[in-house]
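Remarks on the structure that follows.
The values are calculated or read from the model by the stated rules, or taken from the named source; none is laboratory data. Given the structure is predicted, the values throughout are model-derived calculations rather than measurements. Note: ideal-geometry Cβ built from the backbone for every residue, glycine included; neighbour counts use all protein chains shown.
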Amino acid sequence: MFVPERAGQALAAQADAFRRVADESAQLLSRYEAALRALARMTAVQIDDRLGGVPWPGARPTVELDRRGLIIPFGITWQSAEEARRWALAALSGIPTAAVDGSQIPASKEFGVPVSLIQVAWFVNEHDAGRPYIKDVRDEVVTPENDDYLYADAALSRRRFALEMTAAVEQLHSLAGREHALLFVDGTFVLSFAGRLAPEARTGYLDALFDLLDTSERVQVPVVGYVDLSLASDLAGLLAQACDLPAGSVFDGQILARSMRPFDRTAVFQCARGDVLPYYRRDDSDRSGDLCFTYLQIGHDTLPVRLDLPRWVVESGRVDEVVDIIRAEIVVGTGYPYALETADAAAVLTTDDRLTFYRLYHEFAQRSGLNASVPAKSVSKARRR
């Protein structure tokens, strides 16, 4: 049982340690913020010179830094939420936006269910009164090859990622030829965890991601990886290398937050993260330099969100177009892109959904003459919850 009073006493006993860590973090953050201001006065060439040939400094500047500056202001102010919404609806009029997201229900030894379920959802909004929106889902049951695979969350997550990328590729094809179309994917394109995976597992993730990026460029429909709360420290790594700062537990959003007003964005940077990008290769193609990012401030007293972009979007000069669509989606979604919010709501699988799926499996197993039973303890727990 949980006793709040005891937990509160345990927290209070560590108050001095919490304060000490907070003070140290604040001092380090202040140094990084000062370095950010210094960086804003440098050219891309000067920054590269300071990096001194470091192969993976976290991030590298693009030509946009020299042309536009470190912080690119939005330049529009609204007097009311209604005025902002009118701007957003006008900006989105006739522009198709789409989003893909997924969820999963794992197999359960506890409930005697030896199969998993993956659900991928997509939402397409034409922003045209004459063309209805599309919202749909695809379910896939994942059956076991062996017990180790069956109950391995990592294997299920890898399969879910592949299905999400497949659905995203399908949406890109459906948007091909549509002017100013945009596809959202929930999460970053820089799969840091993949650097720690076995080669076969890593290849599965990267092949699925590369298919998405390749299709985006082929059909000329931008895709953006949207990260609502990014803990990435790519820009922090660049600052540490260029300004001789100690590494620490600071991340990009913290460093940028006080320098940005609502809907300002940073210049685009090329991602140069050494934990995984050295693995971004397929056949004879090196894709380690194909990912870029910018940070977008979305409100007062919030951390900026991270937007991952393929390099071709930057080189084609479409960043402003893409970011304006994202701004409008955020306004309509009251703080989160409406298309992505809708796809997430369609994809999500709740605890009740999990129990319903387990019940469906047992009903199916009985009809099919399969040997399946639910442990009494699990039945009791399900009733109590």
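Residues in region 237-262 that are closer than 17 Å to LEU70 by Cβ and polar (S, T, N, Q): GLN241, GLN254, SER259.
Wholly within region 80-182, which helices (runs of 4 or more DSSP H) include no fewer than the required count, namely at least 3 residues that are under 19 Å from the mean Cα position of the chain (by Cα)? Write out each step before concluding.
Values: elements: 81-92, 147-150, 153-175.
Helices (runs of 4 or more DSSP H) meeting the threshold: 153-175.
Would region 86-105 turn up any residue that is surrounded by 18 or more Cβ atoms within 10 Å (Cβ to Cβ), of a type in the set (D, E, K, R), within 30 Å of ASP153 (Cα to Cα) and in contact with a helix residue (DSSP H, G or I) (Cβ under 9 Å, 6 or more places away or on another chain)?
Taking region 86-105 and keeping what is surrounded by 18 or more Cβ atoms within 10 Å (Cβ to Cβ), we get 88, 92, 95-105.
Adding the requirement that they be of a type in the set (D, E, K, R) leaves 101.
So of that shortlist, the ones also within 30 Å of ASP153 (Cα to Cα) come out as 101.
Next cut, in contact with a helix residue (DSSP H, G or I) (Cβ under 9 Å, 6 or more places away or on another chain) only: 101.
Yes - at least one qualifying residue is present in region 86-105.
In region 120-135 there is at least one residue matching the filter, namely being within 16 Å of GLU341 (Cβ to Cβ), loosely packed, with under 15 Cβ neighbours inside 10 Å and β-branched (Val, Ile, Thr).
Within region 49-79, if we keep just the residues that are part of a helix (DSSP H, G or I), under 28 Å from the mean Cα position of the chain (by Cα) and not aliphatic (A, V, I, L, M), the residue that is surrounded by the fewest Cβ atoms within 10 Å (Cβ to Cβ) turns out to be ARG67.
Can you list the strands (runs of 3 or more DSSP E) lying wholly within region 231-346 that have 1 or more residues being free of Cβ contacts under 8 Å to residues at least 60 places away in the same chain?
Details: elements: 269-272, 291-296, 305-310.
By residue number, 291-296.
Can we say ARG37 is at pLDDT 95 or above, under 24 Å from MET260 (Cβ atoms) and surrounded by 10 or more Cβ atoms within 10 Å (Cβ to Cβ)? Yes. Looking at region 152-163, can you tell me whether even one residue there is out of contact with any Asp or Glu (no Cβ under 8 Å at 6 or more places or on another chain) and more than 30 Å from ASP234 (Cα to Cα)? Yes, region 152-163 has at least one match.
For region 63-93, a residue qualifies if it is closer than 22 Å to GLY130 by Cβ, in contact (Cβ under 8 Å) with a residue 60 or more places away in the chain and not hydrophobic (A, V, I, L, M, F, W, C), and exactly one does: ARG85.
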